[in-house]
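Participant: Before anything else, here's the structure in question.
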Amino acid sequence: MSRVAEEGVISSSLWIAAVRHRYWMAILFLGFAALAFLAPAHAQQVETHGAQSPAISASGNVAVTYGLTPEQVQELTKAATAGAVGPLADKIVDLSSRLGVTEGAAVSMLRIIGQQDVPPEKLPQKLAEVAAQYKSAMERLASLDPQDPVTRDLVARADAAFKAGRLDEADQLVSQAEQAEITAAHQAQQLAQQAQAAADQRLLRAAHDRGVRGDIAMTGLHYLDATGHFREAAKLVPAGHPDEKGRFLTAEAGALQRQGDERGDNASLTTAITVYHAALGEWTRDRVPLDWAATQNNLGTTLWMRVPIEWAKTQQNLGIALKVLGDRESGTTQLQEAVAAYRAALEERTRDRVPFEWAMTQNNLGNALEALGEREDRTAHLEEAVSAYRIALEEFTHDRMPLQWAMTESNLGNALERLGERENGTVRLEEAVATERAVLEELNRESNPLQWAEAQNYLGLALEALGEREGRTARLEEAVATYRAALKERTRDRVPVDWAKTQMNLGNALAALGERAHNMEPLAEALICFQQARPVFQAAGMAQGTVEIDGMIGHLQDEIAKSSAFPSIPPKPGG
């Protein structure tokens, strides 16, 4: 907060404290007359002589009468009420001396009591109570210490009037002082609000400055550095600015998502999910429905990434049944959440309102459904995925949006390949191959290297599945070639998890080719592929994928050991 803002806030706090103090003093003063008549039910009278305050015990049941009889007090109250105090001047002077107040104050007290319906026998006690309350109010009035000259003058005049017994005048002067303090407090509050607004604007500018540092870090692909910058930017945003805070939280989650996706960092993906939920707390559906939907979409993507998309296929010629990646229970929970998030986003991201975003979310929904279908024996979710991709392609047309068309078409080809593996015949698999080939005719490796590599990887999967179904080696050899092409862009340094996935796919294709051709050389290369992919899977926390690779490594080592043509066997991981 700037110095100006700090001083404004401090000033406001002092004024508010002051006005509260004055207010309560005024209330205490105005209430003294009423309190004066609340006598204890069973008071014990104690005569006290001299100019001294009546001593009230802690229990509040002792009253002081100053040695006056009820008749004497009654005589004085009647004279004061009638305004004829002259003949009793000496007695008034004596009374003021006994009470320790001015003569004017003594007369005012007598008039107050005389105007009330006080039983005669209780007049001395009531006079003592009024005197005690008067002195208490006088002390409080004297304690007022206003800083403003105008208010200070009003309080001083009120003090003089009060001591002279002019209670109504004192009350009016204190009321004026109160109003002066309230007016000053309101002015101070306005100044404080202006100072706070100025401070908020500076904090917002500082937050945007920090956000630019995050953008610079993202440009340099330093995702964790960007995460820190966006997080600090969100912290700088003052209260009452949910749009800005939501924007920085979303940027932070996006950086974490990129870190998790490209660097195999599952912890970052988990954190991204938490941050996206925090962003949804700022970008609420009621207030900013489209921003809310965009965040739901990103949340769904992150949940989908958190469970890597891989399918454990049965390598029938190798005689090994590979396990499904991920446990059937825990392995699908987050995918189901991703599907729910995408469906929720589509409630606001309608085709009529935002056609591009609607199509993108349909594509992402297809990704989540496809991943979910891979982990189930049923084909319902795979069929839903195919449907979602086809719906997205209604907006992502080849002519209008060629890159988005290629991305969605490639995803469609992969889903068709997954369905083809579950079905008899080759219709779906052939459709998948044709789809991926069409995509590669559109994509340019130089302009879209990673997307081009992904399409090559998907084409390899379709060719490999078709080759295994047909019983010939030509398709398997072509699959190997497409995986090798994908690895030219899917490098370990660039996208380690995607690199490991393609390495694993290449290993599967080489193993199938070696088994079919009774050739140990592809088996040996397949073994190396699995051994190289294993540490990346392990580092990414992909436990089931690591188990699957270990099974393939063990099987291939056993197969190679049987051949005298390969006497030197590569060691097992860790051994």
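Participant: What residue, among those in region 134-189 that are of a type in the set (D, E) and over 49 Å from the mean Cα position of the chain (by Cα), is farthest from S108 (Cα to Cα)?
Facilitator: Looking at residues that are of a type in the set (D, E) and over 49 Å from the mean Cα position of the chain (by Cα), I get D153.
Participant: Please pick out the residue among A226, A239 that is modelled with pLDDT under 85 and out of contact with any strand residue (DSSP E or B) (no Cβ under 9 Å at 6 or more places or on another chain).
Facilitator: Result: A239 is the single residue among A226, A239 that is modelled with pLDDT under 85 and out of contact with any strand residue (DSSP E or B) (no Cβ under 9 Å at 6 or more places or on another chain).
Participant: Pairs please, first residue from region 110-121 and in the same structural domain as L95 (by TED's automatic domain parsing), second anywhere and charged (D, E, K, R) and surrounded by 12 or more Cβ atoms within 10 Å (Cβ to Cβ), Cβ atoms under 6 Å, 6+ apart in sequence or on different chains.
Facilitator: I113/K126; V118/K126
Participant: All but one of (1) buried (at least 24 other Cβ atoms within 10 Å of the Cβ); (2) modelled with pLDDT of 85 or more hold for D493, so report the exception by its number.
Facilitator: (1)
Participant: What residue, among those in region 340-367 that are over 26 Å from the mean Cα position of the chain (by Cα), of a type outside the set (D, E) and part of a loop (DSSP other than H, G, I, E, B), is modelled with the highest pLDDT?
Facilitator: Taking the candidates together, the pick is R351.
Participant: If I go through region 182-228 residue by residue, how many of them are polar (S, T, N, Q) and either surrounded by 19 or more Cβ atoms within 10 Å (Cβ to Cβ) or outside any helix (DSSP H, G or I) (or both)?
Facilitator: Counting residues in region 182-228 that are polar (S, T, N, Q) and either surrounded by 19 or more Cβ atoms within 10 Å (Cβ to Cβ) or outside any helix (DSSP H, G or I) (or both) gives 1.
Participant: For residues in region 255-272 being under 16 Å from the mean Cα position of the chain (by Cα) and surrounded by fewer than 24 Cβ atoms within 10 Å (Cβ to Cβ), which is nearest to L224 (Cα to Cα)?
Facilitator: Among them, the one singled out is T271.
Participant: Another one. Considering every residue within region 83-95, establish whether at least one is assigned by TED's automatic domain parsing to the domain that holds E169, at pLDDT 75 or above and crowded, with 23+ Cβ neighbours inside 10 Å.
Facilitator: Yes, there is a match, as at least one residue in region 83-95 is assigned by TED's automatic domain parsing to the domain that holds E169, at pLDDT 75 or above and crowded, with 23+ Cβ neighbours inside 10 Å.
Participant: Considering only residues that are of a type in the set (S, T, Y) and in a helix (DSSP H, G or I), which ones fall in region 368-388?
Facilitator: Correct list: S387 only.
Participant: What are the pairs with Cβ atoms under 6 angstrom where one residue, in region 445-470, is closer than 15 Å to Q404 by Cα and in the same structural domain as E417 (by TED's automatic domain parsing) and the other, located anywhere, is buried (at least 24 other Cβ atoms within 10 Å of the Cβ) and of a type in the set (V, I, T)? Sequence gap at least six, or different chains.
Facilitator: Going by the 6 Å Cβ cut-off, the qualifying pairs are A455/V439.
Participant: Could you check how many residues of region 389-442 are part of a helix (DSSP H, G or I) and under 21 Å from E357 (Cα atoms)?
Facilitator: The qualifying residues number 16.
Participant: Same structure again: Sort through E409, E421 and tell me the only one that's among the charged types (D, E, K, R) and closer than 17 Å to E470 by Cβ.
Facilitator: That would be E421, the only listed residue that is among the charged types (D, E, K, R) and closer than 17 Å to E470 by Cβ.
Participant: Please give the number of the condition K126 fails out of (1) over 60 Å from the mean Cα position of the chain (by Cα); (2) surrounded by fewer than 18 Cβ atoms within 10 Å (Cβ to Cβ).
Facilitator: It fails just one condition, (2).
Participant: Residues of region 497-543 being crowded, with 22+ Cβ neighbours inside 10 Å and outside any helix (DSSP H, G or I), which ones?
Facilitator: M542
Participant: Considering only residues of region 141-166 that are part of a loop (DSSP other than H, G, I, E, B) and either free of Cβ contacts under 8 Å to residues at least 40 places away in the same chain or touching a Cys at 6+ places or on another chain (Cβ under 9 Å) (or both), which is surrounded by the fewest Cβ atoms within 10 Å (Cβ to Cβ)?
Facilitator: D145
Participant: Related question: Quick one: would you say T302 is of a type in the set (S, T, N, Q) and either assigned to a loop (DSSP other than H, G, I, E, B) or modelled with pLDDT under 70 (or both)?
Facilitator: yes
The values are calculated or read from the model by the stated rules, or taken from the named source; none is laboratory data. Note that the coordinates shown come from a computational prediction; the quantities given were computed from them, not determined experimentally. Because the Cβ atoms are built from the backbone with ideal geometry, glycine has one as well, and the counts that use them run over all protein chains shown.
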